[in-house]
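> Have a look at the structure that comes next, please.
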Amino acid sequence: MARLTAETVAQARELMSLYPDSRSALVPICHLAQAQEGWLNPEAMEHIAEIMELTPAEVLGTASFYEMLRTEPVGRYMVSVCTNIACLLNGGYELLEHAEERLDISVGATTPDGMFTIEEAECIAYCDRAPCLQVNHRFFGPVSDERFDTLVEDLASGRLDDDVPPHGVLCRVRREGGLAVPAEQVRAERAAADQARDERAAAAQAERS
Amino acid sequence: MALTEVAPIVTARLRHPDSHTLERYLATGGYDGLRRALRMEPEQVAEEVNAASLLGRGGAGFPAGRKWSMLRKAPVRYLVVNGDESEPATFKDHLLIERDPHAIIEGTLIAAYANQVTQAFIFVRGEFALGLERMQGALNEAYAHGAVGRDIFGSGFSVDVVLHPGAGAYIAGEETGLLESLEGKRAFPRIKPPYFPAAIGLYGEPTVVNNTETMANLPWIVQHGGHAFAALGQGSSTGTRLFALSGHVRRPGNYELEMAKTTFRDLIFAPVLGGGVRGGRQLKAFIPGGVSAPWFGPDQIDLPLSQDEVGKAGSMLGSGSVVVMDDQTCVVRAAWRIVRFFYRESCGQCTPCREGAGWIEKVVRRIEEGSGREQDLDLLLDVCDNISPGLSWPPQQTTICVLGPSIPSSIVWAIRMFRDEFLVHIKEGACPYG
Ligand SMILES: Cc1cc2nc3c(=O)[nH]c(=O)nc-3n(C[C@H](O)[C@H](O)[C@H](O)COP(=O)(O)O)c2cc1C
Ligand code: SF4
Ligand code: FES
């Protein structure tokens, strides 16, 4: 099931309607599509292109620029260990090394059971909990070697399923509500309001002089 | 210790565990600022922000009021809130987005009203999964409450606010890169001029881009008046500001402090703030305002947290992140990791940035690993000089955006402050800190 499900297509169309130019929805739609299988496979990107009236190359061109959008398969859990300055000063590289040993893979690789991928991350803005990491963009820190081992066991056994969804699932809260009025109408109303205000200002000016 | 007892503005609510909910927000005065703003003329609201001299909290420190005044009269205007926060060691917006999303939304609405914008976007860094969920949840609550959308609180003013997730690119935080990203493209910064998106912004239309913390200050400013805000701090550094303290300190974290009234010494050593260098060690150096900033040594620790003062002393307050390094820190390694970040995050459009970062990264790594040569230091400074001629501060710019000229800072200042340590690496063929 490489193409987008009917549900994802419906959500994608909803996203496209939120922007004055529907192309703006491309990155959010890539996130949605990625939630299906944990990565953006070529068929999914072609389907996105179809829906958005873009070429597949345009979709790939944008998607490949962004770190979070994966054009190759990854494990169910993407473990992103930060090694940037605050983490470096607090043992980030030692933690990364421990992660490689514990999972028996090197950075960039996925465990044979498809459960874990490790990456070396740039600062994840959790620097007061250094050394820290994200699993599927959920935060953990500070992480000692022992804490890392427990985390891996909890993830593997499913104990953290509620907190850490599979890779690709980002924002689980859907948009409710919205303006529900065509932008043109809002603009026309605002132009009228602008004019009224200018008239008021002109009247006030006339009064003063 | 000269710590001022000013009540917090952007972190006041955070002691409540449910600070992100509408219920708590309303119980603590939430959306009162918006109600008040809607009873004023838009120009009056802008005037209060002008009077506050609120400096943008995104890094460049440009006055928000002045930026808004550049939004020339046009049929379409957009507001984009920058919550991309990817600057290393900066973690203040992350806190606000997760813990007080309604304050950002309320500030966004106030800014939208002041600038008569009917379409606003809140751009949140993609890696902030919880932040995205909290922000979307808060937006849903705000719509249901009548605070966003059509005819807000019966005022006749309507605005739509869309939450837009990023997807992992530091350069998408640069405002023109942000706009490209929001248009569904690669986050390539745009060639300047025009210098401000206020002239040509999103979809080519006049656009205001402001940081999330800048927005979070607006409800307070409308409620208490711009002059009350300007009464805090000193000189052009008004109000309070979030400082993100990390590295070798006992108590890392975000601290909201009155600007210019507190020194780096207070921030790092006061028992209620940083609590001192960890493990009883000595302070070796600190970065005063994000990894693009020149480093400071212990002799500059009594400088106040003021944009002007830090600028005059040859660095910047930038994004408000302070990184502390103790006496056991290998500065070569620290500088290397910073330049590696820039190398990974350069968008690749400009040769000095793309190639320069790569070269510097290689040479510093070679020194750190013990195979450096004595000429390497001159080579490094030469490459840095090619990126930013003169190696001065503020830096000369030869590139499309200021990521390029940010690359040399850590290298140049590390070499200037700790040349001996670089030489020890080279002569002994190893890192003395192991
Ligand atoms: C490489 C680079 C990255 C940036 N990242 C951010 C960021 O993550 N968040 C932010 O608010 N500003 C960032 N900025 C600054 C923005 O370009 C812009 O000045 C700011 O969002 C304006 O908001 P303010 O006036 O409220 O500070 C960055 C600038 C550069 C050059
Ligand atoms: S300076 Fe660097 S990051 Fe900025 S536009 Fe040029 S190549 Fe891209
Ligand atoms: S440096 Fe690791 S989270 Fe910021």
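The values are calculated or read from the model by the stated rules, or taken from the named source; none is laboratory data. Please read these numbers as outputs of a predicted model, since none were measured by experiment. Every residue, glycine as well, gets a Cβ built from its backbone with ideal geometry; the counts of neighbours run over all protein chains shown. Quick note on the areas: whole protein, heavy atoms, side chains included, nothing else; ligands and nucleic acids left out. Shrake-Rupley method; radii C 1.70, N 1.55, O 1.52, S 1.80 Å.
> Mind checking which residues of the stretch B:400-425 are farther than 18 Å from B:Pro88 by Cα and open to solvent by less than 20 Å² (accessible area, probe 1.4 Å)?
Within the stretch B:400-425, B:Val412, B:Ile415, B:Phe422, B:His425 qualify.
> Now for a different question. How about the stretch B:184-219: which of its residues are away from ligand 1 (no atom under 12 Å from the Cβ), at pLDDT 95 or above and of a type in the set (D, E, K, R)?
B:Lys185, B:Arg186
> Kindly provide the set of residues from the stretch B:65-94 that are part of a helix (DSSP H, G or I), away from chain A (no Cβ under 13 Å) and at pLDDT 95 or above, ordered by number.
None; the set is empty.
> Looking at the stretch B:386-397, which of its residues are touching a residue at least 12 places away in the same chain (Cβ under 8 Å) and open to solvent by less than 70 Å² (accessible area, probe 1.4 Å)?
Residues satisfying the conditions are B:Ile387, B:Ser388, B:Leu391, B:Trp393, B:Pro395.
> Considering only residues that are in a helix (DSSP H, G or I) and touching a Leu at 6+ places or on another chain (Cβ under 9 Å), look in the stretch A:132-149 and name the one that is least open to solvent (accessible area, probe 1.4 Å). So that I can check it myself, show each step before the final result.
Start the filter on the stretch A:132-149 by keeping residues that are in a helix (DSSP H, G or I), which leaves A:145-149.
Filter again for touching a Leu at 6+ places or on another chain (Cβ under 9 Å), leaving A:145, A:148.
Working: A:Asp145: 65, A:Phe148: 2 Å².
Restricting to residues being in a helix (DSSP H, G or I) and touching a Leu at 6+ places or on another chain (Cβ under 9 Å), the top hit is A:Phe148.
> Out of B:Ala414, B:Ala357, which single residue is more than 13 Å from ligand 2 (Cβ to nearest atom) and at pLDDT 95 or above? Spell out the reasoning first.
On the way: B:Ala357 fails: more than 13 Å from ligand 2 (Cβ to nearest atom).
The match here is B:Ala414.
> Please list, ordered by first then second residue, the pairs with beta carbon atoms under 9 Å, 6 or more apart or interchain, first in the stretch A:131-152 and within 12 Å of another protein chain (Cβ to nearest Cβ) and more than 14 Å from A:Leu88 (Cβ to Cβ), second among the β-branched types (Val, Ile, Thr) and open to solvent by 10 Å² or more (accessible area, probe 1.4 Å).
Pairs found: A:Asn136/A:Val169.
> Shifting gears a bit: Any idea which of B:Ala103, B:Ala60 is surrounded by 21 or more Cβ atoms within 10 Å (Cβ to Cβ), closer than 24 Å to B:Ser319 by Cα and away from chain A (no Cβ under 14 Å)?
Only one candidate passes the filter, namely B:Ala103.
> Let me ask something else. Among the residues of the stretch A:116-124, is there at least one that is more than 9 Å from every other protein chain (Cβ to nearest Cβ) and either away from ligand 3 (no atom under 16 Å from the Cβ) or among the aromatic types (Phe, Trp, Tyr) (or both)?
yes
> Also, I was wondering about something else. Looking only at residues that are open to solvent by 10 Å² or more (accessible area, probe 1.4 Å) and part of a loop (DSSP other than H, G, I, E, B) in the stretch B:117-130, which one is farthest from the other protein chains (Cβ to nearest Cβ)?
B:Arg125
> B:Lys312 is checked against (1) touching an Asp or Glu at 6+ places or on another chain (Cβ under 6 Å); (2) open to solvent by 10 Å² or more (accessible area, probe 1.4 Å) and fails just one. What number does that condition carry?
Looking at each condition in turn, B:Lys312 falls short on (1).
> Counting only residues that are more than 10 Å from chain A (Cβ to nearest Cβ) and not hydrophobic (A, V, I, L, M, F, W, C), which one in the stretch B:329-347 is surrounded by the fewest Cβ atoms within 10 Å (Cβ to Cβ)?
So the residue we want is B:Tyr343.
> Sort through B:Phe286, B:Phe229 and tell me the only one that's assigned to a helix (DSSP H, G or I) and at pLDDT 95 or above.
Of B:Phe286, B:Phe229, the one residue that is assigned to a helix (DSSP H, G or I) and at pLDDT 95 or above is B:Phe229.
> Tally up the residues in the stretch B:7-47 that are surrounded by fewer than 16 Cβ atoms within 10 Å (Cβ to Cβ) and touching a Leu at 6+ places or on another chain (Cβ under 7 Å), please.
Residues meeting the conditions: 0.
> Before we move on, is B:Glu133 without any contact (Cβ under 8 Å) to a residue 40 or more places away in the chain, open to solvent by 10 Å² or more (accessible area, probe 1.4 Å), closer than 23 Å to B:Glu85 by Cα and at the interface with chain A (Cβ under 10 Å from one of its Cβ atoms)? Step through it out loud before you land on a result.
Details: without any contact (Cβ under 8 Å) to a residue 40 or more places away in the chain: yes; open to solvent by 10 Å² or more (accessible area, probe 1.4 Å): yes; closer than 23 Å to B:Glu85 by Cα: yes; at the interface with chain A (Cβ under 10 Å from one of its Cβ atoms): yes.
Yes.
> Here's a follow-up. For residues that are under 20 Å from A:Thr55 (Cβ atoms) and surrounded by fewer than 22 Cβ atoms within 10 Å (Cβ to Cβ), scanning just the stretch B:181-196, find the one that is farthest from ligand 2 (Cβ to nearest atom).
B:Glu183
> What is the one condition in (1) in a helix (DSSP H, G or I); (2) away from ligand 1 (no atom under 16 Å from the Cβ) that B:Asp160 does not satisfy?
(1)
> How many residues are among the basic types (Lys, Arg), more than 14 Å from chain A (Cβ to nearest Cβ) and open to solvent by 10 Å² or more (accessible area, probe 1.4 Å) when one looks only at the stretch B:236-280?
2
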